[in-house]
Amino acid sequence: MKKFDIHFSVNFQEEEFFIRTYLNEYKNLMQLLREKVFLDGFGECQGTGKCGTCLIKTSGITGNSQIMDRNEPNTLIKMGINHPLIRLSCQILVSSDLHNASITIIDDDAI
């Protein structure tokens with residue numbers, strides 16, 4: 001893979017960001033979003049998948065990134081969320097699975 005060959009869009013509070021990144025630039029999508037979109041209080045558990053503060057709605061994610069595992073399913077159930085496109089961004093690795101995807105950051109007020 002070449003640098004900046006993963007491109008996707010992020011929507012947050014009626015603003016759209018076009019993200020360019022590459023494999024292994026960030027550990028996970030939560031870290032990328034915190035740095036590039038400057039989100040306060042986003043990902044309070046630092047990526048363990050237990051707090052639910054990094055909620056996103058996904059569209060166009062492919063490959064293994066579609067699979068929920070580790071703490072993600074249990075955390076979403078505890079939050080009363082049962083929707084296949086609502087995810088914890090800390091549980092999605094930055095990979096080519098994100099290329100051309102659309103990510104919407106979910107406000108706490110929307111839950």
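Some observations on this one:
- Estimated dipole of the chain in Debye, rounded to 20 [Cβ of Lys and Arg +1, of Asp and Glu -1, Cα centre]: 440
- Residues 89, 65, 96 arranged by fewest to most Cβ contacts within 10 Å: 96, 65, 89
- Where labels lie 7 Å past Cα in the beta-carbon direction, separation of residue 36 and residue 83 in nm: 2.2
- As a length-normalised measure over Cα pairs under 8 Å and 6 or more apart, the relative contact order of segment 57-111 settles at 62 percent.
- Across segment 1-61 the C-alpha pair distances fall into 10 Å bins from zero in the proportions 19, 54, 26, 1 percent.
- For segment 6-110: rounded, prolate or oblate by the Cα gyration tensor [a/c cutoff 1.5]: rounded
- Burial order of peptide ranges 66-73, 97-104 (average beta-carbon count within 10 Å, highest first): 97-104, 66-73
- The Cys residues in the chain with no partner Cys Cβ within less than 4.7 Å of their Cβ are 54, 90.
- Relative packing of peptides 33-39, 74-80, 55-61 - highest average C-beta neighbours within 10 Å first: 55-61, 33-39, 74-80
- In terms of overall dimensions, the C-alpha atoms belonging to segment 50-111 reach 29, 24, 16 Å along their principal axes, ordered largest to smallest.
Coordinate-derived values only; no laboratory data. The shown structure was predicted, so the numbers you read here are calculated from the model rather than taken from an experiment. For neighbour counting, all protein chains shown are included, and Cβ atoms are generated from backbone atoms with ideal geometry for every residue, glycine included.
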